[in-house]
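Here the structure comes first, spelled out in structure tokens, and everything after it is commentary.
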Amino acid sequence: MDSDEYAIDENKRKRNMKNESGIFSKSKEIQRSSAKSQQKQDDELDKLLEIIKNLTEEVQEIKNEPKEYIEEIKELKEENERMKKENVNAKKEIAELKNKLKSVNYIVERFKQEKKRNNVVISGITLNTTIPNE
């Protein structure tokens, strides 16, 4: 007879060590804690809580930073729009000044041409440019 068997009959259930080890593997093993280990765990928990608190504060700071950047971006966009409007106005003014300059240059050229037309040059006649003394 085998020591792992419950009964002699082979039709009945047999008990072996493999089945026994499987039963206990499903349960959790609980350790007994002494006062020192409990104090040590409490200290570790306090440290972890402090770390979590610090991390929470840092996360809040990080969440608040984009709000500041959003305001700054908004101000920059407004300034950009204002500068675009000023740029458009400046371009219009430059175009107007160019047109005025063209018209002034045209008028000046016409006056030069008129002046040349009024200057009639007669050739063949000598002019006495000296004034006779009386």
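No lab work stands behind these numbers, since they all come straight from the coordinates. In this text, all values refer to a predicted model and were calculated from it rather than measured experimentally. Reconstructed Cβ throughout: ideal geometry from the backbone, glycine too, with neighbour counts over all protein chains shown.
Computed extension length for Ser37-Leu76: 8.2 nm, one decimal, from 0.36 nm per residue of separation with the Cα-Cα distance subtracted.
Seen from Lys91, the other residues with C-beta closer than 12 Å to its C-beta sum to a net charge of +1, counting Lys and Arg as +1 and Asp and Glu as -1. Near Thr56: Cβ cut-off under 11 Å, other residues only, Lys/Arg at +1 and Asp/Glu at -1. The net charge is -2.
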